[in-house]
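Report on the structure given below.
The values are calculated or read from the model by the stated rules, or taken from the named source; none is laboratory data. Remember, predicted model here, so these are calculated numbers, not experimental data. Cβ sites come from the backbone with ideal geometry, for glycine too, and all protein chains shown count toward neighbours. Heavy atoms of the whole protein, side chains included, go into the accessibility calculation; ligands, DNA and RNA do not. Shrake-Rupley method; radii C 1.70, N 1.55, O 1.52, S 1.80 Å.
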Amino acid sequence: MKRKKIVAGNWKMNMNIDESKNLVSQLKEISAANVDIKIAPSFTNLYLTNSLLESSKIDVISQDLHHEQSGAYTGEISADMLLSIGVKTSIVGHSERRKYFNESDIILSKKVNSAIQNSMNVIFCIGEELSERNNNNHFEIIKSQLLNGIFHLEVSNFQNIIIAYEPVWAIGTGMTASSDQIQEMHEFIRNLIKSNYGIETSESVRILYGGSVKPNNAKEIFSLEDVDGGLIGGASLNASDFSEIVKAANEL
Ligand code: PEP
(Lines give C-alpha, C1' and ligand atoms only; values in the text may rest on other atoms or scores of the structure.)
Protein backbone atom coordinates (compact mmCIF):
# COMPACT_ATOMS: atom_id res chain seq x y z
CA MET A 1 0.00 0.00 0.00
CA LYS A 2 1.24 3.48 -0.86
CA ARG A 3 1.21 5.65 2.23
CA LYS A 4 1.75 9.41 2.01
CA LYS A 5 5.11 10.37 3.50
CA ILE A 6 5.36 12.67 6.51
CA VAL A 7 8.28 14.92 7.37
CA ALA A 8 7.85 16.43 10.84
CA GLY A 9 10.31 18.87 12.41
CA ASN A 10 10.68 18.94 16.18
CA TRP A 11 12.17 22.28 17.22
CA LYS A 12 12.49 21.18 20.89
CA MET A 13 13.46 24.07 23.24
CA ASN A 14 14.90 26.23 20.46
CA MET A 15 13.87 29.44 18.72
CA ASN A 16 12.62 32.59 20.40
CA ILE A 17 9.82 34.49 18.72
CA ASP A 18 12.03 36.47 16.32
CA GLU A 19 14.01 33.39 15.33
CA SER A 20 10.75 31.51 14.78
CA LYS A 21 9.36 34.23 12.52
CA ASN A 22 12.55 34.17 10.52
CA LEU A 23 12.58 30.39 10.11
CA VAL A 24 8.88 30.28 9.27
CA SER A 25 9.31 32.95 6.58
CA GLN A 26 11.86 30.66 4.89
CA LEU A 27 9.80 27.50 5.36
CA LYS A 28 6.66 29.08 3.91
CA GLU A 29 7.94 28.53 0.40
CA ILE A 30 8.20 24.75 0.81
CA SER A 31 5.57 22.79 -1.00
CA ALA A 32 5.66 19.12 -1.82
CA ALA A 33 2.56 17.45 -3.17
CA ASN A 34 3.51 13.98 -1.96
CA VAL A 35 4.45 14.87 1.61
CA ASP A 36 2.58 15.93 4.73
CA ILE A 37 4.88 18.54 6.29
CA LYS A 38 4.65 19.32 10.00
CA ILE A 39 6.62 21.45 12.45
CA ALA A 40 6.51 21.36 16.24
CA PRO A 41 7.63 24.70 17.71
CA SER A 42 7.71 25.38 21.45
CA PHE A 43 4.46 26.39 23.20
CA THR A 44 5.34 30.11 23.13
CA ASN A 45 5.68 29.98 19.34
CA LEU A 46 2.67 27.84 18.49
CA TYR A 47 0.04 30.53 18.07
CA LEU A 48 2.15 32.85 15.95
CA THR A 49 3.70 30.16 13.74
CA ASN A 50 0.28 28.64 13.16
CA SER A 51 -1.13 32.02 12.09
CA LEU A 52 1.85 32.72 9.85
CA LEU A 53 1.55 29.33 8.18
CA GLU A 54 -2.22 29.33 7.84
CA SER A 55 -2.21 29.49 4.05
CA SER A 56 0.83 27.23 3.64
CA LYS A 57 1.06 23.46 3.30
CA ILE A 58 2.75 23.16 6.69
CA ASP A 59 0.82 21.82 9.66
CA VAL A 60 1.86 23.25 13.04
CA ILE A 61 1.82 20.65 15.82
CA SER A 62 2.65 20.47 19.52
CA GLN A 63 5.65 18.79 21.16
CA ASP A 64 3.55 17.56 24.08
CA LEU A 65 0.28 17.94 25.96
CA HIS A 66 -1.04 17.21 29.45
CA HIS A 67 -3.56 14.43 29.94
CA GLU A 68 -6.10 16.49 31.88
CA GLN A 69 -8.43 18.92 30.18
CA SER A 70 -7.86 21.76 32.68
CA GLY A 71 -7.10 22.33 36.36
CA ALA A 72 -4.32 22.81 38.90
CA TYR A 73 -1.39 21.58 36.81
CA THR A 74 1.04 24.48 36.86
CA GLY A 75 3.04 24.88 33.69
CA GLU A 76 1.01 22.44 31.63
CA ILE A 77 -0.97 22.71 28.39
CA SER A 78 -4.10 20.69 27.54
CA ALA A 79 -5.62 19.31 24.36
CA ASP A 80 -8.42 21.83 24.73
CA MET A 81 -5.92 24.72 24.76
CA LEU A 82 -4.11 23.39 21.71
CA LEU A 83 -7.33 22.93 19.78
CA SER A 84 -8.41 26.45 20.70
CA ILE A 85 -5.45 27.83 18.72
CA GLY A 86 -5.94 25.43 15.82
CA VAL A 87 -3.28 22.84 16.74
CA LYS A 88 -4.69 19.39 16.03
CA THR A 89 -1.69 17.08 16.45
CA SER A 90 0.77 16.45 19.26
CA ILE A 91 3.94 14.46 19.69
CA VAL A 92 3.62 12.16 22.72
CA GLY A 93 6.35 10.15 24.42
CA HIS A 94 9.45 11.70 22.90
CA SER A 95 12.47 10.02 24.48
CA GLU A 96 13.52 13.33 26.04
CA ARG A 97 10.14 13.49 27.85
CA ARG A 98 10.54 9.89 28.97
CA LYS A 99 14.12 10.46 30.15
CA TYR A 100 14.27 13.99 31.61
CA PHE A 101 10.67 14.29 32.82
CA ASN A 102 10.15 10.69 33.91
CA GLU A 103 7.14 10.21 31.69
CA SER A 104 6.10 6.62 32.26
CA ASP A 105 4.09 4.38 29.96
CA ILE A 106 1.04 5.01 32.19
CA ILE A 107 1.30 8.78 31.86
CA LEU A 108 1.90 8.49 28.14
CA SER A 109 -1.15 6.30 27.62
CA LYS A 110 -3.23 8.93 29.46
CA LYS A 111 -1.85 11.63 27.17
CA VAL A 112 -2.71 9.49 24.15
CA ASN A 113 -6.23 9.01 25.54
CA SER A 114 -6.73 12.71 26.08
CA ALA A 115 -5.61 13.50 22.54
CA ILE A 116 -7.85 10.80 21.06
CA GLN A 117 -10.87 11.81 23.15
CA ASN A 118 -10.38 15.33 21.80
CA SER A 119 -10.09 14.02 18.21
CA MET A 120 -6.47 15.10 17.98
CA ASN A 121 -3.77 13.20 16.12
CA VAL A 122 -0.76 11.76 17.93
CA ILE A 123 2.80 11.13 16.84
CA PHE A 124 3.67 8.44 19.39
CA CYS A 125 7.43 8.02 19.88
CA ILE A 126 9.11 4.79 20.84
CA GLY A 127 12.75 3.75 20.91
CA GLU A 128 15.36 1.74 22.73
CA GLU A 129 18.53 2.85 24.54
CA LEU A 130 21.89 1.66 23.21
CA SER A 131 22.40 -0.67 26.19
CA GLU A 132 19.03 -2.30 25.46
CA ARG A 133 20.03 -2.93 21.86
CA ASN A 134 23.43 -4.22 22.90
CA ASN A 135 21.68 -6.67 25.24
CA ASN A 136 19.46 -7.75 22.38
CA ASN A 137 16.45 -6.43 24.21
CA HIS A 138 15.35 -3.86 21.64
CA PHE A 139 12.40 -5.76 20.21
CA GLU A 140 10.98 -6.43 23.69
CA ILE A 141 11.34 -2.76 24.65
CA ILE A 142 9.57 -1.56 21.52
CA LYS A 143 6.82 -4.14 22.00
CA SER A 144 6.21 -3.08 25.60
CA GLN A 145 6.21 0.64 24.71
CA LEU A 146 3.53 -0.06 22.10
CA LEU A 147 1.52 -2.38 24.33
CA ASN A 148 1.50 0.06 27.23
CA GLY A 149 1.20 3.25 25.22
CA ILE A 150 -1.28 2.66 22.41
CA PHE A 151 -2.40 -0.95 22.10
CA HIS A 152 -5.35 -0.35 24.43
CA LEU A 153 -6.92 1.83 21.71
CA GLU A 154 -9.80 0.80 19.45
CA VAL A 155 -8.99 -0.01 15.85
CA SER A 156 -10.80 3.14 14.66
CA ASN A 157 -8.48 5.30 16.80
CA PHE A 158 -5.55 4.29 14.63
CA GLN A 159 -6.68 6.79 12.01
CA ASN A 160 -5.33 9.39 14.44
CA ILE A 161 -2.08 7.61 15.27
CA ILE A 162 1.33 8.03 13.68
CA ILE A 163 4.24 6.09 15.16
CA ALA A 164 7.81 7.40 15.30
CA TYR A 165 10.55 4.86 15.87
CA GLU A 166 13.50 6.76 17.29
CA PRO A 167 16.41 4.73 18.66
CA VAL A 168 17.53 6.90 21.59
CA TRP A 169 21.21 6.39 20.73
CA ALA A 170 20.67 7.97 17.31
CA ILE A 171 18.91 11.14 18.51
CA GLY A 172 21.07 14.25 18.27
CA THR A 173 24.23 12.14 18.14
CA GLY A 174 24.92 12.12 14.42
CA MET A 175 24.69 8.31 14.58
CA THR A 176 21.95 6.88 12.39
CA ALA A 177 20.71 3.33 12.59
CA SER A 178 21.67 1.33 9.52
CA SER A 179 19.09 0.76 6.80
CA ASP A 180 18.84 -2.89 7.84
CA GLN A 181 18.27 -1.98 11.49
CA ILE A 182 15.62 0.59 10.55
CA GLN A 183 13.70 -1.62 8.12
CA GLU A 184 13.86 -4.60 10.50
CA MET A 185 12.35 -2.59 13.36
CA HIS A 186 9.71 -0.88 11.22
CA GLU A 187 8.61 -4.25 9.86
CA PHE A 188 8.48 -5.63 13.41
CA ILE A 189 6.26 -2.71 14.47
CA ARG A 190 3.96 -3.12 11.47
CA ASN A 191 3.63 -6.84 12.16
CA LEU A 192 2.71 -6.15 15.79
CA ILE A 193 -0.02 -3.79 14.62
CA LYS A 194 -1.18 -6.45 12.18
CA SER A 195 -1.49 -9.12 14.85
CA ASN A 196 -3.36 -6.78 17.18
CA TYR A 197 -5.50 -4.79 14.76
CA GLY A 198 -5.47 -6.55 11.37
CA ILE A 199 -3.87 -5.95 8.03
CA GLU A 200 -5.95 -2.96 6.97
CA THR A 201 -4.75 -0.98 9.98
CA SER A 202 -1.17 -2.18 9.79
CA GLU A 203 -0.95 -1.24 6.13
CA SER A 204 -2.36 2.23 6.66
CA VAL A 205 -0.54 3.38 9.82
CA ARG A 206 2.41 5.59 9.04
CA ILE A 207 5.66 4.77 10.84
CA LEU A 208 8.33 7.48 10.86
CA TYR A 209 12.02 7.09 11.59
CA GLY A 210 13.83 9.61 13.78
CA GLY A 211 17.50 9.88 14.71
CA SER A 212 20.00 12.14 12.95
CA VAL A 213 18.10 12.29 9.65
CA LYS A 214 19.93 14.81 7.44
CA PRO A 215 19.77 15.85 3.77
CA ASN A 216 22.48 13.32 2.89
CA ASN A 217 20.76 10.24 4.34
CA ALA A 218 17.04 11.11 4.10
CA LYS A 219 16.41 9.55 0.71
CA GLU A 220 17.99 6.22 1.58
CA ILE A 221 16.05 6.01 4.86
CA PHE A 222 12.71 7.14 3.41
CA SER A 223 12.94 4.67 0.56
CA LEU A 224 12.87 1.68 2.95
CA GLU A 225 9.68 -0.33 2.55
CA ASP A 226 8.16 0.27 5.97
CA VAL A 227 9.44 3.81 6.54
CA ASP A 228 6.84 6.50 5.88
CA GLY A 229 8.96 9.57 6.53
CA GLY A 230 10.84 11.08 9.42
CA LEU A 231 10.76 12.99 12.67
CA ILE A 232 13.57 15.50 12.37
CA GLY A 233 15.27 17.27 15.28
CA GLY A 234 18.48 19.23 14.61
CA ALA A 235 18.05 19.51 10.84
CA SER A 236 14.57 21.02 11.22
CA LEU A 237 16.11 24.20 12.63
CA ASN A 238 17.78 24.98 9.34
CA ALA A 239 15.39 25.93 6.52
CA SER A 240 17.57 24.64 3.73
CA ASP A 241 18.31 21.29 5.41
CA PHE A 242 14.63 20.80 6.27
CA SER A 243 13.58 21.67 2.69
CA GLU A 244 16.12 19.19 1.31
CA ILE A 245 14.72 16.46 3.56
CA VAL A 246 11.16 17.26 2.46
CA LYS A 247 12.34 17.19 -1.16
CA ALA A 248 13.90 13.77 -0.64
CA ALA A 249 10.56 12.45 0.64
CA ASN A 250 8.65 14.10 -2.17
CA GLU A 251 10.72 12.41 -4.84
CA LEU A 252 9.88 8.88 -3.69
C1 PEP B 1 14.30 13.94 17.60
O2 PEP B 1 14.56 14.60 18.58
O3 PEP B 1 13.16 13.46 17.46
C4 PEP B 1 15.36 13.71 16.62
C5 PEP B 1 15.20 12.75 15.75
O6 PEP B 1 16.47 14.51 16.71
P7 PEP B 1 17.73 14.54 15.69
O8 PEP B 1 17.17 14.56 14.30
O9 PEP B 1 18.46 15.78 16.04
O10 PEP B 1 18.51 13.29 15.96
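When MET120, MET175 are compared by accessible surface with a 1.4 Å probe, the order from highest to lowest is MET175, MET120.
The mean sequence distance of close C-alpha pairs (under 8 Å, at least 6 residues apart), as a share of the length of the chain, puts its relative contact order at 22 percent.
A straight line joining the Cα centroids of segment 46-81 and segment 181-252 runs 24 Å. Here is the list for segment 148-212: chymotrypsin sites (Phe, Trp or Tyr not before Pro) lying in DSSP coil, each with at most 16 other C-beta atoms within 10 angstrom of its C-beta, are PHE151.
Think of it as helices only: each DSSP H run of n ≥ 4 in the chain is worth -39500 (n - 2.57), and spread over all residues that comes to -12000 deg cm²/dmol at 222 nm. Of the GluC sites (Glu not before Pro) found in segment 12-116, those that fall in a DSSP loop while having at most 10 other beta-carbon atoms within 10 Å are GLU29, GLU54. Using a probe of 1.4 angstrom and keeping all protein chains present, the accessible surface of the chain works out to 46 square angstrom per residue. Using the basic label-point model (7 angstrom from Cα toward the beta carbon), what is the ASN16 to LYS2 distance in nanometres? Modelled inter-label distance: 4.6 nm.
Restricting the chymotrypsin sites (Phe, Trp or Tyr not before Pro) of segment 40-119 to loop positions (DSSP other than H, G, I, E, B) with no more than 13 neighbouring Cβ atoms within 10 Å leaves TYR73, PHE101. Using a Gaussian network model of the chain in which every pair of alpha carbons under 10 angstrom is joined by a spring, one finds that among ASP180, ASP64, ASP36 the greatest mean-square fluctuation is at ASP180. Listed by chain and number, the aspartates and glutamates placed with their C-alpha closer than 14 angstrom to that of LYS111 are ASP64, GLU68, GLU76, ASP80, GLU103; residues fewer than eight positions away on the same chain are left out.
Per-atom-type breakdown for the chain gives carbon and sulfur 47% of the accessible area (1.4 Å probe, protein chains only). A Cβ-based charge dipole, computed about the Cα centre of segment 57-171 with Lys and Arg at +1 and Asp and Glu at -1, lands at about 160 debye.
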